[in-house]
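First up is the structure itself, then whatever we jot down about it.
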Amino acid sequence: MIIAIDGPAASGKGTIAKRLAAHYGLRHLDSGLLYRGVAKAVIEGGRDPADRDAAVAAARAFEPGRYPASALKGDDVAKAASQVAAIPQVREALIAFQRSFARTRPGAVIDGRDIGTVIAPDADVKIFVTATPEERARRRLLELQGRGEASDEAAVLADILARDARDTGRAVAPLRQAPDAHLLDTTHLAIDPAVRAAIDIVEAVRAGRKPA
Ligand code: C5P
């Protein structure tokens with residue numbers, strides 16, 4: 001089984017994907033880490049993430065697992081990731097890895113922005129996870145505070161809106177809900193009920209029912 005989870009930053013999609021994978025015994029890929037890894041390599045090489053040649057070279061030389069996830073979490077890397085992710089040749093260089101991950105037994109849950117639309121258009125189940133920008137900014141702020149990083153809600157909201165605009169506005173593989181994806185709005189849901197709702201969607205699709 002392949003489950004595609006797409007949605008904007010801090011919508012809850014990463015946690016939902018991880019927990020769905022554990023629930024169904026599937027492998028999990030956070031595809032954002034691939035773009036973050038490319039961005040990190042560009043920055044480490046002393047180049048600008050907007051430098052197309054540097055970004056494409058980094059994507060073609062990409063090795064999964066080169067950086068631990070903890071080294072890729074910062075908002076500077078997130079911003080650079082959304083810049084390199086807008087370059088078509090960067091996306092192209094990362095497609096084969098993601099498709100082969102999806103095809104490997106026993107199947108996978110992959111989360112990102114274009115999983116249901118580009119990477120795995122034939123996924124068994126597609127879920128588009130969303131929440132209002134204000135709620136996503138509130139969650140991101142709590143996360144930053146938990147890591148002891150100072151920030152304020154207005155700045156976090158501005159970052160989230162800028163990243164949303166870049167991800168939905170780019171010409172190639174923009175963030176959008178696939179026509180056959182099921183919408184899961186987590187604005188008023190804590191993580192446990194959100195995971196439950198995602199499992200309910202998967203179960204309904206597998207049973208051939210229309211999700212509630
Ligand atoms: O999901 P995460 O916040 O880690 O993603 C970082 C950035 O990588 C996103 O803002 C987006 O620009 C890019 N991305 C993408 N396609 C994916 C996953 C992430 O363009 N499938």
*Heavy atoms only, probe 1.4 Å: what % of the accessible area of the chain goes to carbon and sulfur, would you let me know?*
52 percent
_Starting from 0.36 nm per residue, how many nanometres of slack lie between A190 and A69 once their C-alpha separation is accounted for?_
41.2 nm
_Below 8 Å between Cα atoms, with a sequence gap of 6+, how large is the relative contact order for region 2-206 in percent?_
33 percent
*State, in angstrom, two size descriptors of region 58-144 derived from its alpha carbons: Rg to one decimal place and Dmax to the nearest whole number.*
14.8, 38
_Just to be sure I follow: if Rg is taken over the C-alpha atoms of region 2-206 and Rh is the Kirkwood radius over the same atoms, what is Rg/Rh?_
0.95
*Give me the accessible area per residue for the chain, probe 1.4 Å, as a whole number in Å².*
48 Å²
*For region 2-206: lysine pairs with Cα atoms under 16 Å, gap of 8 or more or different chains, count?*
5
*Could you give the size of the charge dipole of the chain about its Cα centre, using +1 on the Cβ of each K and R and -1 on the Cβ of each D and E, expressed in debye and rounded to the nearest 20?*
600 debye
*Approximate spin-label separation L183-D152, in nm, with each point projected 7 Å along Cα-to-Cβ*: 3.4 nm
*Counting Lys and Arg as +1 and Asp and Glu as -1, each charge on the Cβ, what is the dipole of region 21-98 about the Cα centre in debye, to the nearest 20?*
160 debye
*Do any GluC sites (Glu not before Pro) in region 91-177 lie in a loop, going by DSSP, with at most 15 other beta-carbon atoms within 10 Å of their beta carbon, and if so which?*
E149
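The values are calculated or read from the model by the stated rules, or taken from the named source; none is laboratory data. Owing to the predicted nature of the structure, the values given are computational and were not obtained by experimental measurement. No Cβ is skipped: glycine too gets one built from the backbone with ideal geometry, and neighbour counts run over all protein chains shown. When the accessible area is computed, the model is the full protein with side chains, heavy atoms only, and any ligands, DNA or RNA have been set aside. Shrake-Rupley method; radii C 1.70, N 1.55, O 1.52, S 1.80 Å.
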